[in-house]
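The values are calculated or read from the model by the stated rules, or taken from the named source; none is laboratory data. The structure displayed is predicted, hence computed values, not measured ones. Note that each Cβ is placed from the backbone with ideal geometry, even for glycine, and that neighbours are counted across all protein chains shown. The protein model used for the area step is the full one, side chains on, heavy atoms only, and it has no ligands, DNA or RNA in it. Shrake-Rupley method; radii C 1.70, N 1.55, O 1.52, S 1.80 Å.
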Amino acid sequence: MHASKGDRLVTHGRVVGEHDRVVEIVEVLGPDGTPPFRVRAANGHESIMSPGPDTSVDHRKSGDQV
């Protein structure tokens, strides 16, 4: 998995009715765009994340339109 600052990580819900979780990458801590990542949720909470196989990278930046 490769990502850049400003990309979003989308962790897909594993059960019916569970929503996807989306966080923004604020810092790439691994070499060459690899995990771990410092991420920020919509509520402002920051954490360090090493995404699993149920997570994908959305390369649109946070200000881009859908």
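Among the residues making up region 21-60, a single one is on the phi > 0 side of the Ramachandran plot and charged (D, E, K, R): D32.
The set of residues in region 7-66 that are among the acidic types (D, E), open to solvent by less than 50 Å² (accessible area, probe 1.4 Å) and assigned to a strand (DSSP E or B) contains only D58. Close Cβ contacts (under 7 Å, 6 or more residues apart or on different chains) running from residues in region 7-29 that are over 18 Å from N43 (Cα atoms) to residues that are surrounded by 17 or more Cβ atoms within 10 Å (Cβ to Cβ) and aromatic (F, W, Y) comprise V28/F37; L29/F37. Exactly one residue out of T11, T34 is in contact with a strand residue (DSSP E or B) (Cβ under 6 Å, 6 or more places away or on another chain) and among the hydroxyl-bearing types (S, T, Y): that is T11.
Yes/no per residue for (1) at pLDDT below 95; (2) of a type in the set (V, I, T); (3) over 13 Å from the mean Cα position of the chain (by Cα); (4) within 10 Å of A3 (Cβ to Cβ):
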| residue | (1), (2), (3), (4) |
| --- | --- |
| G13 | yes, no, yes, no |
| V28 | no, yes, no, yes |
| G33 | yes, no, no, yes |
| S47 | no, no, no, no |
